[in-house]
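K.L.:
Mind looking over this structure? Questions follow.
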Amino acid sequence: MTGVYGFHLFGRLLDNPKYTQRSDQFAKRVKEFFTQPNSLLWGEGKPNDNRSGRGLLPVDLGYNVEESLNGVVLYALEVDDQEMLDLAVKTLNGHLEFMLPDGAWDNSWGTRSQKWSYWGSRTSDGCQPAYSLMAGYNAAFGTAAIKNAELLQRCTADGLLHGGPHYVSHGVKPCIHHTFAHAKVMALVQDKMNAMPKVDTSAPLPRQTADGVKHFPELDVWLAARGPWRATVSAYDSIYKTKKSGLLQQPTGGALSVLYHNKVGTLLVSSMARYEMVEPLNMQPQPGDDFPLTTRIESRTDDAWYTNLYDLKAEVQTNDNGKAIAFAVSTSLQDESRQTAEGEPSQYKLGYQFAADRVTISAESSSEKSSSEKAAPRSAALVIPVVSPSGEPVRQVSDTRIEIEKPEGIVVVESNVPFAIKDTEKGRVFNMVPGMEAVPIIARFPQHANQQVVCHITVI
């Protein structure tokens, strides 16, 4: 996709037709790489046309919007290819569905989410060229370019763009790659300012005005919106693999991979199940313990970890009655080898309910026992890491109520069972994906049968 524009540029600057001819050859194939029905660019996999167990192609939002689609747009505008411009509008609209109201790219589910930095992807360039230059086709494209640039600014300190919002609060040094890559496209945008359409934030982003639930069948990902809440649920099973890396597991298994509130911002995010430096020269070591940020059910023993985050076959059902959106997830707890624990219940049901005044997360064992009882294994727990940078006051008001004080409001987490906050050196866990801190709240399953764990999240 980048070569389409690159070869055309070389041919024009060097006055050498062999480069422009190669560009034309590439351009004829561009349209082959977009999904139906949402025109998402696919190909970020190994091999690039690999089909998952669900028959899904590899799609990565971060690299698409920050790198590949820039090349398509720059070429289409340069040669005035109307067919490619029409395709560009469709695909930019499709990808824009995932931008959060604060300008973040929700790549929680992507095949290369191991490089998710919240604002984009670690070693790509930035979404500003494509979205600003195409703002004349959809004013919301301009909103996306500006809001994302503002987020980049909020993640910048001492002249360097940091790989996530909480590097500074957790004392993590930035990689310089983010800065020079994004400075490059900002320079490109400045260079093309005279030819740019009107770019402002007058048009809202899709997720600013969304209401209801939308399924992306080419991903098995759902976006939900009700009142001030925005959420992402993923059962996407396209796994990015390399010869040298271990298991690269982005959120799946019906995981609630993002929860956002219009007043206080992002409350739940997600990470790899286990942090893996897929590209050691382009990724930073995980500081401290590797604690996943994805909300999950898990069961831990001395030598094994079982969680729904490894389940590639979870079933997700949704319902919207106009007041609340409900998700029902049937999943199982598995280890990295996709094996369940012998002699322990492994089948679970997860529930998410999004109403205007609260979000409810529930979990229960659904394994059948000879006595028809449903008891969870002794170590089973619902883990809810709530995003919160160091410095925000955290109060455990009671065994079943925790309050986190943010500048814009108080986040209240309540449960029907006692809570525990994992003991950490800084009072937070931090994960390089997507560079955020969180309060690690753990609700253990009771040891008697037929018991749900139910947690409510509200903002006051």
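Read-outs throughout are calculated quantities, based only on the coordinates presented, and are distinct from any laboratory measurement. Note that the structure is predicted; figures quoted are calculated from it, not measured. We place every Cβ from the backbone using ideal geometry, glycine too, and count neighbours over all the protein chains shown.
K.L.:
With charges set only on the Cβ (+1 for Lys and Arg, -1 for Asp and Glu), what does the dipole of the stretch 210-459 come to about its Cα centre, in debye to the nearest 20?
P.N.:
340 debye
K.L.:
Please give the peptides 57-69, 152-164, 432-444 ranked by average Cβ packing (other Cβ atoms within 10 Å per residue), highest first, as a rough proxy for protection.
P.N.:
For the peptides 57-69, 152-164, 432-444, the packing ranking is 57-69, 432-444, 152-164.
K.L.:
³J(HN,Hα) across the stretch 429-437 via Karplus (A = 6.51, B = -1.76, C = 1.60, θ = phi - 60°), whole Hz, x for Gly/Pro?
P.N.:
Along the stretch 429-437, the couplings run 9, 9, 10, 4, 10, x, x, 10, 9 Hz.
K.L.:
Then there's this: Order the peptides 421-427, 22-28, 107-113 from the highest to the lowest mean number of other Cβ atoms within 10 Å of their residues.
P.N.:
107-113, 22-28, 421-427
K.L.:
Okay, next question. Going through the cross-link list LYS90/LYS243; LYS46/LYS192; LYS90/LYS349; LYS147/LYS241; LYS28/LYS90; LYS241/LYS422, which pairs have a Cα-Cα distance over 27 Å in this structure?
P.N.:
Over 27 Å Cα-Cα: LYS90/LYS243; LYS46/LYS192; LYS90/LYS349; LYS147/LYS241; LYS241/LYS422.
K.L.:
Whole-Hz Karplus ³J(HN,Hα) for the stretch 34-40, in order, using 6.51 cos²θ - 1.76 cosθ + 1.60 and θ = phi - 60°, x for Gly and Pro?
P.N.:
Karplus-based 3J(HN,Hα) across the stretch 34-40 equals 10, 7, 10, x, 9, 6, 8 Hz.
K.L.:
Please say if the stretch 210-459 is rounded, prolate or oblate, where rounded means a/c under 1.5 for a ≥ b ≥ c the square roots of the C-alpha gyration tensor eigenvalues, and otherwise the choice is prolate for a/b larger than b/c and oblate otherwise?
P.N.:
Verdict is rounded for the stretch 210-459.
K.L.:
Say R0 is 51 Å: what FRET efficiency, to the nearest 0.05, do ARG29 and PHE180 get from their beta-carbon distance?
P.N.:
FRET efficiency, ARG29 to PHE180: 0.95.
K.L.:
I've got another one for you. Identify, among CYS455, SER337, ALA381, the residue whose Cα sits farthest towards the positive end of the charge dipole of the stretch 210-459, taking +1 on the Cβ of Lys and Arg and -1 on the Cβ of Asp and Glu, with the dipole about the Cα centre.
P.N.:
Projecting each Cα onto the dipole axis, the largest value belongs to CYS455.
K.L.:
Here's something else I'd like to know. Peptides 312-318, 379-385: what's the order by average Cβ count within 10 Å, highest mean first?
P.N.:
Order by mean packing, descending: 379-385, 312-318.
K.L.:
Going by a ≥ b ≥ c, the root eigenvalues of the Cα gyration tensor, does the stretch 126-212 fall in the rounded group (a/c under 1.5), the prolate group (a/b larger than b/c) or the oblate group?
P.N.:
Verdict is oblate for the stretch 126-212.
K.L.:
Dipole of the chain, Cα-centred, from +1 at each Lys and Arg C-beta and -1 at each Asp and Glu C-beta, to the nearest 20 debye?
P.N.:
160 debye
K.L.:
So for the stretch 2-206, taking the charge dipole from beta-carbon charges (+1 Lys/Arg, -1 Asp/Glu), which of ALA183, TRP109, ASN50 sits furthest toward the positive end?
P.N.:
Highest projection toward the positive end goes to ASN50.
K.L.:
Then there is this: Got a sec to turn the phi values of the stretch 278-290 into Karplus ³J(HN,Hα) couplings, 6.51 cos²θ - 1.76 cosθ + 1.60 with θ = phi - 60°, whole Hz, x for Gly and Pro?
P.N.:
4, 10, x, 7, 10, 9, 9, x, 6, x, x, 5, 8
K.L.:
Which FRET efficiency, nearest 0.05, do ILE421 and ASN48 yield, Cβ-Cβ r, R0 25 Å?
P.N.:
Using R0 = 25 Å, I get an efficiency of 0.05.
K.L.:
Mark the label point 7 Å from the Cα of GLU405 along Cα→Cβ and return the residues of the stretch 268-285 whose backbone N is within less than 17 Å of it.
P.N.:
none
K.L.:
Restricting to DSSP H runs of at least four residues, report the calculated mean residue ellipticity at 222 nm for the chain, -39500 (n - 2.57) per run over all residues, nearest 500 deg cm²/dmol.
P.N.:
Calculated at 222 nm, the ellipticity per residue is -6000 deg cm²/dmol.
K.L.:
Dipole of the stretch 210-459 (Lys/Arg Cβ +1, Asp/Glu Cβ -1, origin at the Cα centre): which of SER362, ASN321, TRP305 lies farthest to the positive side?
P.N.:
Farthest towards the positive end: ASN321.
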